[in-house]
Amino acid sequence: MTTIFQRILSLLIVLLLGMQMVTVGMKSQSEEMEVVAERPLLIWYTDPDIQLYMEGTASEVSAKYGIEVSAELVSEVDYIENISRESVKEQMTGPDIYVTSSALLEKAALAGLVKTRDSEGMAENYSEKAVQAVTYDEKVTANPFYIETCFLVYNSNYVTEEQIPDTIEDILVYAENFETGEGTENVESIFKWNVADVIASYMFLGAYTDLGGVHGDDKSQVSMDLDQIEECMNYYQSLNAFFAIDADTVTSEEVVQEFVDGKIVFTIMNVPMLSELDRRSEGEVPYKVMTLPDLTEELASRGLSVTNSVVVNPYSTNVETAKVCARYLTEDRVDQLYEVTGKLPAYTNFPGEPDEAYRVIYEAYEQSAEVPKIMELSNMWLQLEVVLADIWRGDSPADKLQEFHELLKEQLD
């Protein structure tokens, strides 16, 4: 019996080794596959902040695969329309791949400008949230690229472990008990953020708003719990009496600089603001990052996120090569993304543990609601920005919310 068992075991080992050699060989073949392009590969993007990264990646792909690749910064005005116009010409002059936000994926899909991809293996490299953000009509339309969301930042010189807030109400308690003294003489604002930034202030109504379901593409799932949101907006408006932030003059740049100068204790930031904070402070300002707190024990909060992605254009004459380049942009070189651009990648399959601040930002991203893909809601952010600003200045939350709700219904009908 022992001899038979040993023979079976030996056979299994041989088979396993053989399978491993085949797998390694296939992987090596995949990594060394010949990439062919019938014409130079063209990448379009609209964010100037990623220019160095895009140009560097284009250069690396060119050198690695021996093909000509160029990255072109273009206007965001009529972006999808311009891609469509250039793609359907007799001589295709549109981009082979392009970078776009999740908000534009429905428009791109309906224009026939997305090459859907298999979701197999994505769970190993991306969170479920990131995959949902690039899914439209149950199909994965793009590779997730970089994420945007908001979170709370506080100066850890001013806040003890016991004072870390669970709610905005806790920040008010902190403010009531705050005393200026040695080490806090620079403080001018306990809590200050860019109230004119709709993404930053969305947290005050986000927990009671549904923007199209899990994938943000279902019109039947656009809803607002007006009673709860009115309570939230009343609370939001009351904060102006405590913190007196001028919605007409405040800017994100001002908030970052005042935080660097030690003038602000708590603030709401996004990823580019945190990157700017790191750049300006050069490690001299001690800060901590946490997910967005609830408003009170009774009123929840929920932030907003935008997932930018890389889309393969099906009109490309180099679709397979474009897929390789898209993966290189979003996976192979993305470990350099934050350092070069101040953007946090959606790809998370890095060796080692992420920095604590980044880990918290990813957690905030997972908890947030993604901007909807629904085309009829494309201008809702400008409208909501006005609503929030008016409420902050003292207008009736009930009236403003009702007007906004009616407007949403009209756009969706």
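Numbers for the structure displayed
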read-out	value
222 nm mean residue ellipticity, helices alone, for the chain (DSSP H n ≥ 4; -39,500 (n - 2.57); rounded to 500)	-13000 deg cm²/dmol
For the range 248-324, with +1 on Lys and Arg beta carbons and -1 on Asp and Glu, the positive-most of Met273, Asn313, Gly283 along the dipole	Asn313
Rel. contact order, % - alpha carbon contacts under 8 angstrom, at least six apart, the range 203-332	26 percent
Residues with amide H under 5 Å from that of Glu72, placed H, sequence gap 5 or more	Ile43, Trp44, Tyr45
Potential extension, Trp381-Glu297 segment - 0.36 nm per residue separation minus Cα distance	27.5 nm
Packing-based order for 127-137, 286-296, using average beta carbon neighbours within 10 Å, highest first	127-137, 286-296
Only Lys, Arg (+1) and Asp, Glu (-1) charged, at Cβ; the chain dipole about Cα centre in debye	2020 debye
Hz values of 3J(HN,Hα) by residue in the range 240-248 - Karplus curve (6.51, -1.76, 1.60), Gly and Pro given as x	4, 5, 7, 10, 6, 8, 7, 5, 7
Other-chain or far-sequence residues with amide H under 5 Å of Ser305's (modelled H)	Ala369, Glu370, Val371
Amide hydrogen neighbours beyond the local backbone of Gly94, cut-off 5 Å, H modeled	Ser87
P(r) tail fraction, the range 272-339 - alpha-carbon pairs more than 21 Å apart, %	57 percent
Gain upon complete extension [Lys409, Ala357; 0.36 nm per residue less C-alpha separation]	14.8 nm
Cα-centre dipole for the range 314-372 with unit charges at Cβ (Lys and Arg positive, Asp and Glu negative), debye to 20	320 debye
Label-to-label distance, nm, for residues given as Gln221 and Glu138 (7 Å Cα→Cβ offset)	1.3 nm
Debye log10 I(q)/I(0) for the chain, one point scatterer per Cα, at q = 0.06, 0.10, 0.12 Å⁻¹	-0.30, -0.76, -1.01
Estimated FRET transfer efficiency (Gln336, Ser119; beta-carbon r; R0 35 Å; 0.05)	0.85
Label-point gap, in nm, between Ala175 and Lys89 - each point 7 angstrom along Cα→Cβ	5.6 nm
Highest to lowest packing among 273-283, 337-347, 201-211, scored as the average C-beta count within 10 Å	201-211, 337-347, 273-283
Mean Cβ neighbour count within 10 Å, used as a protection proxy, ranking 255-267, 301-313 highest first	301-313, 255-267
Separation of the Ser59 and Glu282 label points, Cα + 7 Å toward Cβ, nm	2.6 nm
J(HN,Hα) series, the range 117-134, from Karplus relation 6.51 cos²θ - 1.76 cosθ + 1.60, nearest Hz, glycine and proline x	10, 6, 7, 4, x, 5, 4, 6, 10, 9, 6, 4, 4, 5, 5, 4, 5, 9
Backbone HN-Hα couplings from phi across the range 225-234 [Karplus 6.51/-1.76/1.60, Hz, Gly and Pro as x]	7, 4, 5, 5, 5, 4, 4, 4, 6, 5
Only Lys, Arg (+1) and Asp, Glu (-1) charged, at Cβ; the range 286-386 dipole about Cα centre in debye	420 debye
Value of relative contact order over the chain, rounded to a whole percent, pairs C-alpha under 8 Å and six or more apart	26 percent
Unit charges at the beta carbon, dipole of the range 141-203: most positive-side option, Pro144, Val195, Ser156	Pro144
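Any read-out appearing in this document is the output of simple, stated calculations on the displayed coordinates, not a laboratory observation. This is a predicted model, so every value here is computed, not measured. Cβ coordinates were reconstructed from backbone atoms using ideal geometry, including for glycine residues, and neighbour counts include every protein chain displayed.
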